């Protein structure tokens, strides 16, 4: 089985099977930039810049961050470019800033 490694967030590393990522993508809805601003303000979510800074502490460069809804949960989905040239995907709970795995 092929695996995609995510970067360490606050000292934790998540390893996500490709199948789980595909399933999560089928059940999620990502918000537009204006919807993201409204949702962050209404629900008092963690600032996406703070989440991105935490995710890039290992030296990765942020490529993309977006807010998505997974059922009743809001998650920041981040694409990061590691120093070794690999692009990794990191998922952070927008309510508390903790790393999460895609829903099964």
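The values are calculated or read from the model by the stated rules, or taken from the named source; none is laboratory data. All of these numbers come straight from a predicted model, not from anything done at the bench. Using ideal geometry, Cβ is built from the backbone for each residue, glycine included, and neighbour counts are taken over all protein chains shown.
Considering each residue of region 65-96, count those that are surrounded by 12 or more Cβ atoms within 10 Å (Cβ to Cβ) and under 22 Å from residue 27 (Cβ atoms), and give that number.
Going through region 65-96 one residue at a time, the tally reaches 21.
Show the residue pairs meeting these rules: Cβ distance below 9 Å; 6+ apart or different chains; first residue within region 46-65 and within 9 Å of residue 78 (Cβ to Cβ); second residue at pLDDT below 85 and in a strand (DSSP E or B).
51/9; 55/9
Within region 35-74, work out how many residues are touching a helix residue (DSSP H, G or I) at 6+ places or on another chain (Cβ under 9 Å) and more than 13 Å from residue 93 (Cβ to Cβ).
Total meeting the criteria: 6.
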